[in-house]
Structures are given as C-alpha cells and as structure tokens.
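Taking it in order: structure first as structure tokens, then the write-up.
The values are calculated or read from the model by the stated rules, or taken from the named source; none is laboratory data. Small disclaimer: the values here were computed from a predicted structure and weren't measured. For neighbour counting, all protein chains shown are included, and Cβ atoms are generated from backbone atoms with ideal geometry for every residue, glycine included. In case anyone asks, the SASA skips ligands and DNA or RNA and just uses the protein heavy atoms, side chains included. Shrake-Rupley method; radii C 1.70, N 1.55, O 1.52, S 1.80 Å.
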Amino acid sequence: VPMLTAFSFTDLNKLVVMTVAFLSFSLAASATYLVNDLWDLENDRAHPRKRLRPFANAKIPILYGLAVAGAMLLFALLMAFTVSFNFCNYSAYSFSQSFCNIKSGNFPVKSRESASEAETLFFLQVDR
C-alpha cells in the first residue's frame, strides 16, 4: 500500500525489495508453522482430525521437519538481510517471539505503542 500511495509502484528496485521482504516473511512464517506442528505433536496425535496431519501420523519424519524449518528460517533471514540489516533484526525478533509464544502457549497481542523501549528498536525501519 505505501508504494501505491507514494506512486512508487513503477520503481523496479523498490518492487524487488518489497517482493524479497514479502517472501522472506512468508518463509519465516512457514518455519513457525512447522515448529508449531512439531511442538504440538502429542496433542495432534490425540485429536480426531489433527491426527491425520503428516507429522502426527508419521508420514514425514520429525527430523525432516526440523531440518526444513531450520533451512526455511535461515533462508528467510538471508533474504531479510538483503532488504536491510534492520529488517533482518526485526525478522529474527519476530520469529523468536513466535517461537517463545509457541513454547509457552501464550499469544499476546502487543501494539507498537505498548512495546518496551528494547522492543521498539526491533520494529521495522527499512533503510532508504
């Protein structure tokens, strides 16, 4: 949306950077989903529908899931680094928060205004 409102959608460089950032975040989100599926394996195996998922019914080995999640996260962070150092920091922070939430079972929603000073440093600041 910012590219459209700034009439920058014809700037090929900005379009490539935006696409790389989108793909990077998508890979990190997918890695988070894999980690969540692996973390919640016991509960999924006991659930009537979730027991049919590939990890829960052992169609895909757990080690494979860990390797793929790790590779996806690494590639996502490398892609984020090509956008900017700050974007890479934000991506790493975002993934770590997601992982901590998966581990604890808590999913707090925090606005930028209520973030601590340390957390504010990690909010997206794409280099120009």
For segment 44-89, the accessible surface attributable to carbon and sulfur atoms (probe 1.4 angstrom, ligands and nucleic acids excluded) amounts in percent to 71
Heavy-atom accessible area with a 1.4 angstrom probe orders Thr32, Thr10, Thr19, most exposed first, as Thr10, Thr19, Thr32
Under the 7 Å Cα-to-Cβ spin-label approximation, Leu15 and Asn43 lie apart by a distance in nanometres of 4.3
Subtracting the Cα-Cα distance of Lys50 and Phe99 from 0.36 nm times their residue separation yields 15.6 nm
